[in-house]
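First the structure, in the form of structure tokens, and then the observations on it.
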Amino acid sequence: MKPRITVITITYNSAATLEETIRSVTMQDYPALEYVIIDGGSTDGTLDIVQKYKDQIQVVVSEPDKGISDAFNKGVTRATGEIIGIINSDDILLPGALQKLAEAYDPRVDVYSGLILFWNEKTGETFPSYPDVKFDTLKLQYNVAHPARFIRKDAYQRFGLYRVDLRYMMDIELLCRFYQQGAKFKLVEKPLAKFRIGGTTNDPIYKKKEDYRAFVQSYGGSSWDFRRIWMQAVIKYNLIQLGYRLFGNNLKFKIQQNPVLKHLIRL
């Protein structure tokens, strides 16, 4: 029997990209799909696009929220599926992804970790990236691959939701917390989603300092641990910015093709 899968899309003023995201979900041809859209009170035509697909969306909420984590949590608490995935309003669920996930289903698994395709929309290029499935050391250089992670509903109930006080590191904090509390992870070695390069991932590192501090402190890290991790993050950020100046917006693709650059950026 196929597991019921809930896909959540959170959005706020995303009219430029949302329809492509919605179509990638509604065209999955997966019979046990529930689709939930959580909107933060958009004013740009986003809700007109949602209305266009209302017959294929089971839950729509549109109201102000307290940020991305709050929107995630609203979706998770409303989901009725055994497994929950979050495809944000600028990312794409790949054709057949839910069927591939169902084929990998194991009731003992809490977190399914699929491959993600990093996508340069301007050039059309993609490259696959493997997600991390072990979160056993205090660092922040994990590959979260958020759009290709699917989590059991009861795992959220056992291990908790996303921390609303975090604006940037909420997904990595959740995965580390799940891992440390004994959640079972499974790698699904098939691409499940495309990640559009950009968004909050590319925000300046200096905006994320307090998230880094809160994350380290929540796991018992010392002030020295924070300084070490923060310095690593700043160095990585500055290397990437230098790379953008040297190579342009195609940097991530050049890194994947160059083992020396790949090692330096991974740190």
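The values are calculated or read from the model by the stated rules, or taken from the named source; none is laboratory data. Everything numeric in this text was worked out from a predicted model, so none of it was measured. As a convention, Cβ positions derive from the backbone with ideal geometry for all residues, glycine included, and neighbour counts pool all protein chains shown. Please note that ligands, DNA and RNA were not included when accessible areas were found on the heavy atoms of the full protein model with its side chains. Shrake-Rupley method; radii C 1.70, N 1.55, O 1.52, S 1.80 Å.
Local charge for Gly114 was computed over the other residues whose Cβ lies under 12 Å away, with Lys and Arg +1 and Asp and Glu -1, and equals +3. The mean sequence separation of alpha-carbon pairs under 8 Å and at least six residues apart, normalised by the residue count of the chain, gives a relative contact order of 19 percent.
Based on DSSP H runs of at least 4 residues, each adding -39500 (n - 2.57), what is the mean residue ellipticity at 222 nm of the chain after dividing by all its residues, to the nearest 500 deg cm²/dmol?
On the way: 10 runs with 102 residues, N = 267.
It lands at -11500 deg cm²/dmol.
When a 1.4 Å probe is rolled over the protein heavy atoms, the share of accessible surface on the range 95-254 that falls to carbon and sulfur comes to 52 percent.
Sequence-distant contacts, meaning Cα pairs under 8 Å at least 6 residues apart, place the relative contact order of the range 40-196 at 35 percent. Helix 223-247 and the longest principal axis of the C-alpha atoms of the chain enclose an angle of approximately 80°. Using the Cβ of Ile92 as centre and a radius below 12 Å, the other residues enclosed give a net charge of -2, where K and R count +1 and D and E count -1. Under 5 Å from the amide H of Phe118 lie the amide H atoms of Phe127, Ser129, Phe195, each residue being 5 or more positions distant or on a separate chain, with H modelled from the backbone and absent for Pro and chain starts.
Among beta bridges from DSSP that stay inside the chain, the antiparallel ones total about 35%. As a length-normalised measure over Cα pairs under 8 Å and 6 or more apart, the relative contact order of the range 1-118 settles at 40 percent.
Annotation: extensible slack from Val59 through Gln180 equals 40.3 nm (criterion: 0.36 nm per residue apart, minus Cα-Cα distance). Taking every protein chain into account, the accessible area of the chain amounts to 48 square angstrom per residue (probe 1.4 Å). The angle between the Cα long axis of helix 68-78 and the main principal axis of the chain comes to about 30°, on a 0 to 90 degree scale.
Using r as the Cβ-Cβ distance of Arg227 and Val164, and R0 as 30 Å, what FRET efficiency do you calculate, to the nearest 0.05? With a Förster radius of 30 Å, E is 0.70. Taking only protein heavy atoms and a 1.4 Å probe, the accessible area of the range 1-77 is 49% carbon and sulfur. Other residues lying with their Cβ under 12 Å from the Cβ of Val144 contribute a combined charge of -2, Lys and Arg counting +1, Asp and Glu -1. Short to long, the 5 Å bins of the Cα pair-distance histogram for the chain hold 1, 6, 12, 17, 19, 18, 14, 9, 4, 1, 0 percent of all pairs.
Largest mean-square fluctuation among Ser113, Ser24, Ser222, in a Gaussian network model of the chain whose springs join Cα atoms under 10 Å apart, belongs to Ser222.
Restriction of the trypsin sites (Lys or Arg not before Pro) in the range 86-132 to DSSP coil positions whose beta-carbon has at most 11 other beta-carbons within 10 angstrom yields Arg108, Lys122. Cα axis of helix 209-218 to longest principal axis of the chain: angle in degrees, 0 to 90, nearest 10? Computed tilt is about 80 degrees.
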